[in-house]
Amino acid sequence: MQSKIPDIIQTVPLLNYVLLASILFIIGVVGVLIRRNAIIIFMSIELMLNAVNLLLIAFSSYRADASGQVFVFFIMAVAAAEVAVGLAIIVMIYRNIRSIDVGLLDKLKW
Amino acid sequence: MYPILVLSITGIITLFLGFLKSKKVLLPATLFFVTLAFFANLYDWNKPGLYFNNMLQVNNFTILLSAVILLSAFLIIALTKGFIDDEHAQPAEYFAILQFSLVGAIMMTGFQNLIMLFIGVEILSVSMYVLTGSDKRNLRGNEAALKYFLMGSFATGIMLFGIAMLYGANYSFNIDAARTVVTQMVSTQHSSVYLYVGVTFLLIGLLFKVSAAPFHFWTPDVYEGAPTIFTTFMSTIVKTAGFAAIYRILEVSFSPIYSFWWVMVIIMTVLSLIISNVTAVSQGSFKRMLAFSSVSHAGYMLMAVVGLSNKSDDSIVFYSLAYSLATISAFGVLMAVSKEKLVDGRPDESIAVLNGLSKRNPFLAFILAISMLSLAGIPLTAGFWGKFYVFSDAAFRGHIWLLVVAILMSAVGIYYYFKPIIAAYMRESEGEAISLTPFYKIILGITTFGSILLGLFPDLLRSLM
Amino acid sequence: MEYLKNILSLPPIYYTFAILSVLTLFGALGTVMSRNPVHSVIYMIVTFFSLSAHYILLNAQFLAAVNIIVYAGAIMVLFLFVIMFLNMKQEAEEMKKEKIIYTAVITAVILGGILIIFLRRAEREPVNPLTYNSQSGMIEVLGRSLYGEYLLPFELISILLLVAMAGAVMLGKREAGERHF
């Protein structure tokens, strides 16, 4: 059976997806570095993970190899676990100091 | 292979043991479970193989590393007697999470597939985030947990980007398959950009986790803020597992492109050695000093990775064991001494708290002295041979100036490792005598005996490989 | 003129890709730049939806659905819940000091430049229509792979979820007694 290649794989080079994912990743890294609100830092980390997901799916589709997409499952499961723990830590801190600005956390040098 | 299965099941059993009225059974049960895992681990000795569709590799190197991890875990958990079960309402959860984190650590020693590495790293890290924040009313602990969490997840993101790029180069997550592709690329002079980007990001992510400079900036704060017992756990088990992973991935997959990554690793080695040793000199807090010392030991262990000789795996096992034993006794002494003295509601952890320890409790002072000597690498202790082996690995590749830096920095290390010993033996005593339970004494005795034994007969361990 | 003609003659799927990419990056920038955390969450959901559209284009329909359910549905709702629960207001001095921002931007430009320069040299492999398996993103293929080859990591991820669950409950509980520093 001759299987059909999706249009996008025939027209758009893989490099475009790699560059898109890299730019998305760098936006996430910058977010981690410049923001002070712990929740937004955390969202920037989620952006980085999503850039990785896009990269894996792009590689996986262009080669028609399923293992890259399986890895994305694992990343999603891990992201969910991390979010649970991370938000619990943030709530715990908020109870004690009524703020989650990491700049206020200066008992230890940040 | 077996310890992963054993610890996964016993962890769940421990969670259920929490329903019992008496919490006294938890600690002996956990110690029994870890012992069980230790012997289950040795069961595979000399029976190398790949398991579960090439997900996990077992060979003597992974068994020895897992044994080091489980032994350290046993000693640390034994030291929790009187710490966890008194302070917290839910000790069962702590013991269960400790056992689960060991599953992650053992996965990191024997992974054959990058998915296993990723999940192992995550199980270990998520457990550590929780344990760091376990003292909920302590603001420093909270802050340390948040910092560790944000930096740890950031590192995971970087590591994943590297793994994705490697997938783009190899189209497989298997590390043996990666080696085949890399060897092919080297022989045909046809290199893939994805491969180089991937190796760089994967290495940076892993080095973040083992806190090698310049990615160590979170280490002192997190180590200082976390409850001491979990700091011990972080500085021994996380480090051993992390270096096992770094060494394994570089040795199995990327030794054909040694010329690409050695410059990067050597720069990080030198930075770790210099920054940590110079900063540690001016620290007033014993715990913070040990945190910087752990960064410097990461530097020494990276020397074995840079060396990548046929003896490097032995050196990593020996160094991790020597370092873990000494660190556990140092933190054990700190916990015993600082328990009584509270400053602002938390234990006093400055070096001054050790003043006159030789009068107050000669046994503890002796333990402290041996562990400091071992960390400094004085002959007749395990630390000396550990340093000797990693130095000879670096010499194997002819990195002579790296050796010079390392020896100079060891000399700086001797200066600050002697500060606690001087405090313990020369300063006036200001506190009352410290009493210890016999059990605590036995555990500290074992770690110190191990340091001395390996210092006198290093071949006991070396001949196993 | 020549350049414009080239752009106009691109196939429509290329336009779809370009528009979706712009939308993705717009959402990402909005997440990072906006002052109000609630706006950040909404921008992030824009990113997630456009990423899901990318996944559909790339023939990964199942992951596209999972992405919306897990990320936009569960994770973002959790974020929103915590933001509402903590009743966060937008803070006056929100960004870090200017020096840090400049350093971060310069780092990003350098990192981005290096990545782009390096990646542009990446080889372009043509897709072979004879060996291409268009079923690779379907549930059947993924399921076989997940429950066959990747069974052990799949089982072990349950340990991670157990740790996260026990840990989150433990940290979330209120503890009696004095706070101290």
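The values are calculated or read from the model by the stated rules, or taken from the named source; none is laboratory data. These numbers were taken from a predicted model, which means no experiment stands behind them. We place every Cβ from the backbone using ideal geometry, glycine too, and count neighbours over all the protein chains shown.
Just a few scattered comments:
- In the stretch B:178-200, the residues that are crowded, with 16+ Cβ neighbours inside 10 Å and farther than 18 Å from A:LEU15 by Cβ: B:ALA178, B:ARG179, B:VAL181, B:VAL182, B:MET185, B:VAL199, B:THR200
- Taking the conditions (1) assigned to a loop (DSSP other than H, G, I, E, B); (2) within 14 Å of another protein chain (Cβ to nearest Cβ); (3) not aromatic (Phe, Trp, Tyr) in turn, B:LYS21 satisfies each one other than (2).
- Of the numbered criteria (1) under 23 Å from C:ALA108 (Cα atoms); (2) of a type outside the set (D, E, K, R); (3) at pLDDT 90 or above, the one C:ALA65 fails is (1).
- Matching residues, the stretch B:304-337, being closer than 21 Å to B:LEU402 by Cα, over 14 Å from the mean Cα position of the chain (by Cα) and assigned to a helix (DSSP H, G or I): B:ALA304, B:VAL305, B:VAL306, B:GLY307, B:SER312, B:ASP313, B:ASP314, B:SER315
- Only a single criterion out of (1) farther than 21 Å from B:ARG397 by Cβ; (2) surrounded by 23 or more Cβ atoms within 10 Å (Cβ to Cβ); (3) touching an Asp or Glu at 6+ places or on another chain (Cβ under 6 Å) is not satisfied by B:LEU325, namely (3).
- Failed criterion for A:LEU15 (all others in (1) within 19 Å of B:GLY162 (Cα to Cα); (2) at pLDDT below 90; (3) touching a Pro at 6+ places or on another chain (Cβ under 9 Å) hold): (3)
- Residue ID - surrounded by the fewest Cβ atoms within 10 Å (Cβ to Cβ), chosen from residues in the stretch C:22-42 that are free of Cβ contacts under 8 Å to residues at least 24 places away in the same chain, polar (S, T, N, Q) and more than 15 Å from A:VAL29 (Cα to Cα): C:SER34
- Test for B:ALA40: is it more than 30 Å from A:ASN53 (Cα to Cα), within 14 Å of chain C (Cβ to nearest Cβ), hydrophobic (A, V, I, L, M, F, W, C) and in a helix (DSSP H, G or I): no
- B:PHE61 being part of a helix (DSSP H, G or I) and under 30 Å from C:LEU146 (Cα atoms): yes
- Number of the exception - B:ALA145 against (1) assigned to a helix (DSSP H, G or I); (2) over 24 Å from B:THR232 (Cβ atoms); (3) touching a residue at least 24 places away in the same chain (Cβ under 8 Å): (2)
To keep it simple, each residue is scored yes or no on (1) under 18 Å from the mean Cα position of the chain (by Cα); (2) more than 10 Å from chain C (Cβ to nearest Cβ); (3) β-branched (Val, Ile, Thr).
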| site | (1), (2), (3) |
| --- | --- |
| B:PHE111 | yes, no, no |
| B:MET116 | no, no, no |
| B:TYR129 | yes, no, no |
| B:GLY133 | no, no, no |
| B:PHE154 | no, yes, no |
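- Meets criteria (over 21 Å from the mean Cα position of the chain (by Cα) and more than 21 Å from C:ARG174 (Cβ to Cβ)) for B:ASN60: no
- The stretch B:269-289: number of residues that are of a type in the set (A, V, I, L, M, F, W, C) and touching a helix residue (DSSP H, G or I) at 6+ places or on another chain (Cβ under 6 Å): 6
- The stretch B:53-77, subset in contact with a strand residue (DSSP E or B) (Cβ under 8 Å, 6 or more places away or on another chain) and in contact (Cβ under 8 Å) with a residue 60 or more places away in the chain, residue nearest to the other protein chains (Cβ to nearest Cβ): B:MET55
- Scanning the stretch B:207-220 turns up at least one residue that is under 30 Å from A:LEU15 (Cβ atoms) and part of a helix (DSSP H, G or I).
To keep it simple, each residue is scored yes or no on (1) modelled with pLDDT of 90 or more; (2) under 19 Å from B:ILE69 (Cβ atoms).
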residue	(1), (2)
B:PHE243	yes, yes
B:PRO256	no, no
B:THR269	yes, no
B:LEU273	yes, no
B:GLN283	no, no
B:VAL295	yes, no
B:TYR319	yes, yes
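- Listing of helices (runs of 4 or more DSSP H) fully contained in the stretch C:1-60 that carry 2 or more residues being of a type in the set (Ser, Thr, Tyr) and more than 16 Å from A:ASN37 (Cα to Cα): C:12-33, C:37-57
- Some residue of the stretch C:132-139 being under 22 Å from the mean Cα position of the chain (by Cα), within 13 Å of chain B (Cβ to nearest Cβ), over 23 Å from C:LEU29 (Cβ atoms) and at pLDDT below 80: yes
- Considering the stretch C:27-46, and only residues there that are at the interface with another protein chain (Cβ under 7 Å from one of its Cβ atoms) and not hydrophobic (A, V, I, L, M, F, W, C), the residue that is farthest from C:ASN87 (Cα to Cα) turns out to be C:THR31.
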